[in-house]
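Here is the structure we will look at.
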Amino acid sequence: MKKILILNVGSSSCKFQLFTEDLTLLGKGLIDKIGIKGTNFSYENINGNLIKKEENFDHQVLAEKLKSFISENNICDFNDVYLMAHRIVMGGELFKENILVEDKNTINKIISLSPLAPLHQPYNASLLEEFFTKYNHITHAAIFDTTFHTTIPEENYLFSIPLDFYKKHQIRRYGAHGTSHQYILEQMKKILGKENVTFINLHLGNGASVCLIENSKSKNISMGLTPLGGLMMGTRSGDLDPSVIFYLMNQKNYSPKDIENIFIKKSGLLGIYEESSDMRDILKGISQNNKKAILARKMFVQRIKNYLAMYLNETKKVEAIVFTAGIGENDYDLIKEIFNNFFLKKIILKDKIEVIQKVNLISKEESEIKIYIIKTNEELNMARIAKNLLKNKEIKIEE
Ligand code: ADP
């Protein structure tokens with residue numbers, strides 16, 4: 001049976017999913033805590049069979065370890081895989097579309113964008129390179145997190161610093177979470193029954209971003225040059241006054257590297273609650289009346305409200321607001337907190353949702369805007385995109 005393998009490598013984790021040619025999911029795998037003590041492998045197929053393994057290693061040997069985990073546990077035979085989709089965080093100004101990787105030169109261009117996403121891009125590229133070199137019977141697709149946002153107008157993608165910084169150094173808002181926002185867009189087209197839809201999508205997971213989609217195109221995204229900007233996240237700071245950086249550097253002797261590490265790994269929900277970055281732990285803290293947990297959640301909610309207000313005012317008619325990803329799909333009380341004292345629009349939510357389905361309309365008839373919870377599926381979207389790229393290539397060859 002021909003198979004499609006999807007790879008999504010992060011700064012400390014690597015997710016992979018296996019699909020049949022007609023996009024039926026066969027199983028999901030995860031390697032986490034890479035480079036941290038106790039790296040875990042797990043793979044669960046659709047029948048619920050679970051394979052687990054623990055071994056310490058870092059990114060340098062990830063490709064090798066992943067290949068042997070897949071082969072040794074008979075997860076799949078690489079001879080059956082005809083298509084692989086690799087998630088690449090940064091497409092920069094070089095890649096405005098997703099592509100099939102035809103040569104080493106393309107991989108070098110992807111590597112050249114590493115300074116714009118140093119925590120992800122080198123790992124994304126090295127796995128792509130390894131699999132591209134080793135398995136040349138497989139077609140490899142590079143799916144960029146930024147491609148979906150290339151439609152953002154310049155007044156939204158430029159920062160208000162000298163224009164030369166964009167021209168010379170390509171410093172601009174690239175955004176991220178593109179595959180998730182795009183998957184939700186495809187769902188919304190089906191739900192609203194038309195091609196051109198305008199809505200706001202909130203991807204609230206460990207990483208979090210808000211995207212304004214106008215007439216089915218990304219018009220604004222909270223994430224910035226890198227996935228550090230925008231909303232408050234699990235461990236990332238999101239937006240803040242840039243002078244905080246200069247104050248820390250100039251007056252308190254922090255190095256740029258220290259500050260980067262603090263803003264990316266020690267801020268956000270973790271920075272305020274101090275005990276965990278996980279919303280479920282924060283909820284536990286709140287149930288015990290922990291003041292820091294209460295404050296962390298309050299800040300998280302307020303920043304979402306602020307972005308919603310901004311984006312609601314940026315387009316003529318927002319038809320829906322959608323919540324997705326770990327927090328967005330599961331934390332119904334958080335959505336209620338967001339629309340409690342939401343002065344801009346009358347949003348009336350259903351009291352509770354018994355079981356969360358793939359698509360859930362959670363607002364009542366009398367609500368001014370429809371509110372949905374929709375489960376995201378980035379890997380399925382990557383598989384679809386890769387299949388389409390291959391189909392288009394085959395059509396071109398036939399012509
Ligand atoms: P990632 O960005 O790593 O893919 P996820 O989309 O899996 O993250 O989201 C992880 C977040 O979702 C964590 O903060 C986790 O606590 C939160 N989450 C998962 N389930 C629930 C739940 N039932 N209630 C509240 N938060 C939840």
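Some points to look at:
- Within the shell of other residues whose beta carbon sits under 15 angstrom from the beta carbon of LYS33, the net charge comes to +1, with Lys and Arg scored +1 and Asp and Glu -1.
- Average projection area in nm² (convex hull over Cα atoms of the chain, one quarter of hull surface): 22.0
- Between LYS2 and GLN251, the modelled labels are 6.3 nm apart [label points 7 Å from Cα along Cα→Cβ].
- Selection from GLY285, ASN360, GLN302, by position along the positive dipole direction of region 256-388 (Cβ): GLN302
- Region 21-97 - percent relative contact order, Cα under 8 Å, separation 6 or more: 18
- A simple charge model with +1 on the Cβ of Lys and Arg, -1 on the Cβ of Asp and Glu and nothing else charged puts the dipole of region 17-110 at about 380 debye relative to its Cα centre.
- Packing-based exposure ordering (other Cβ within 10 Å, fewest first) of LEU62, LEU204: LEU62, LEU204
- Inter-label distance, nm, simple model (7 Å from Cα along the C-beta direction), LYS298/LYS396: 5.5
- Cα-Cα separations in region 236-349 greater than 16 Å, expressed as whole percent: 68
- Checked against a 30 Å cut-off, the cross-linked pairs LYS37/LYS266; LYS284/LYS316; LYS194/LYS387; LYS65/LYS292 give Cα-Cα distances beyond that limit for LYS284/LYS316; LYS65/LYS292.
- Take the convex hull of the alpha carbons in region 299-399; its mean projected area over all directions comes to 9.1 nm².
- Evaluated with a Cβ-only charge set (Lys, Arg +1; Asp, Glu -1), region 254-388 carries a dipole of roughly 200 debye about its Cα centre, given to the nearest 20.
- From helices alone, the chain scores -11000 deg cm²/dmol at 222 nm; the rule is -39500 (n - 2.57) for each run of n ≥ 4 DSSP H residues, then divide by the residue total.
- Kirkwood Rh in Å, taken over all unlike Cα pairs in region 1-57: 12.0
- Spin-label model, LEU23 to TYR82: label points 7 Å out along the Cα-to-beta-carbon direction sit 1.6 nm apart.
- Highest-first arrangement of 388-398, 301-311, 6-16, where packing means the average Cβ count within 10 Å: 6-16, 301-311, 388-398
- Fewest-first ordering of ARG172, ARG280 by other beta carbons within 10 Å of each residue's beta carbon gives ARG280, ARG172.
- Among 63-74, 244-255, the order from most to least packed when residues are scored by Cβ within 10 Å on average: 63-74, 244-255
- Region 104-213 - Debye-derived log10 I(q)/I(0), Cα point model, q = 0.16 Å⁻¹: -0.93
- Selection from PHE148, ILE200, GLY178 lying farthest towards where the dipole of region 98-237 points positive, charges on Cβ: ILE200
- Region 229-282 - percent relative contact order, Cα under 8 Å, separation 6 or more: 41
- Between LYS358, LYS167, LYS317, the residue with the greatest mean-square fluctuation in the GNM of the chain (Cα pairs under 10 Å linked by springs) is LYS167.
- Selection from ILE335, ILE395, VAL322, by position along the positive dipole direction of region 302-399 (Cβ): ILE395
- Relative contact order, whole percent, for the chain stands at 13, derived from Cα pairs under 8 Å and 6 or more residues apart.
- Taking Cα centre as origin and charging only the Cβ of basic (Lys, Arg, +1) and acidic (Asp, Glu, -1) residues, the dipole magnitude of the chain rounds to 760 debye.
- Most fluctuating residue given options LYS104, LYS266, LYS370, as computed from a GNM of the chain linking Cα atoms under 10 Å: LYS104
- Over region 1-120: Rg over Rh, Cα atoms, Kirkwood Rh: 0.98
- Placed amide H near VAL322: partners under 5 Å, 5+ positions off or other chain: ILE200, ASN201, LEU202, TYR372
- Cβ crowding within 10 Å ranks PHE343, PHE131 as PHE343, PHE131, fewest other Cβ atoms first.
Every number here is computed from the coordinates shown, using simple stated rules; none is lab data. Because the structure is a prediction, the values reported are computed rather than measured. Note: ideal-geometry Cβ built from the backbone for every residue, glycine included; neighbour counts use all protein chains shown.
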